[in-house]
Amino acid sequence: MVVLREESEESLNQLFRALADGTRRDILARAITEAPSVSDLAARYEMSFAAVQKHVAVLQRAGLVRKRANGREQLVSTDRERLQRAGELLDSYEVLWRRRVAQLDDVLREGK
C-alpha cells in the first residue's frame, strides 16, 4: 500500500493516538469552524487549563492543529490538509479490508 509508506510509523502512531481521545477530537472539531484560544477551550471542559494545553500539544505534535499568537492568547486552528490525510489513510485501510473480506467470501464460496 503506497499511501501508508509515505508516512513514518511514528508519524502514523502520533496521528492515530491523537485521534483516539474524545476530548482531542472535540477540540479538533471546534478548531475547524473557529480559531478558539486555549483559554476558550479550557473553559468548555471540566478539566484544568494545563490538561487542555496537553491535549492541544498532542494534536499539534500529530500535525492536526496549529497554534498562533494573538496578543497574549494562543489561537488553535485545524490543519485541514493533515486531517484530510488522516481520512485518506483510513480510506486506504477500508479498501484493504474490503478486498480481504471479498477474498474470504471467494474462499468460502469455493468450499461449498
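The values are calculated or read from the model by the stated rules, or taken from the named source; none is laboratory data. Predicted model only: the values in this text are computed from it and were never measured. In this analysis, Cβ positions are derived from the backbone assuming ideal geometry, glycine residues included, and neighbour counts consider all displayed protein chains. Remember, those area values only see protein heavy atoms, side chains included, never the ligands or the DNA or RNA. Shrake-Rupley method; radii C 1.70, N 1.55, O 1.52, S 1.80 Å.
For the chain, what is the mean residue ellipticity at 222 nm derived from helices alone (per DSSP H run of n ≥ 4: -39500 (n - 2.57); sum divided by total residues; nearest 500 deg cm²/dmol)?
Calculated at 222 nm, the ellipticity per residue is -21500 deg cm²/dmol.
Add +1 for every Lys or Arg and -1 for every Asp or Glu among the other residues with Cβ under 12 Å from the Cβ of Lys54, and state the total.
Numbers: positive: Arg24, Arg61; negative: Asp21.
Overall, the nearby charge balance is +1.
Can you pull the Kirkwood radius for the range 9-111, inverse mean 1/r over Cα pairs, to one decimal in Å?
15.3 Å
So with the 1.4 Å probe, I'd like the accessible area per residue for the chain, rounded to whole Å².
68 Å²
If Lys and Arg each add +1 and Asp and Glu each add -1, what is the summed charge of the other residues whose beta carbon sits under 9 Å from the beta carbon of Val38? All intermediate terms of the calculation are to be shown ahead of the outcome.
Working: positive: Lys67; negative: Asp40, Glu73.
Computed value for this residue: -1.
Dipole magnitude of the chain about its Cα centre, charges +1 at Lys/Arg Cβ and -1 at Asp/Glu Cβ only, in debye to the nearest 20?
Numbers: 20 positive and 18 negative charges, 42 e Å.
The calculation lands at about 200 debye.
Name the residue, out of Ala31, Ala69, Ala51, whose mean-square fluctuation peaks in a Gaussian network model built on the chain with Cα pairs under 10 Å.
Greatest mean-square fluctuation among the candidates belongs to Ala69.
Which order do peptides 34-47, 55-68, 14-27 fall in by mean Cβ count within 10 Å, highest first?
The most tightly packed comes first, giving 55-68, 14-27, 34-47.
Tally up the carbon and sulfur contribution to the accessible surface of the chain as a whole percent, 1.4 Å probe, everything protein left in place. Can you show the working numbers first?
Numbers: 3760 of 7590 Å².
Of all accessible area on the chain, carbon and sulfur atoms account for 50 percent.
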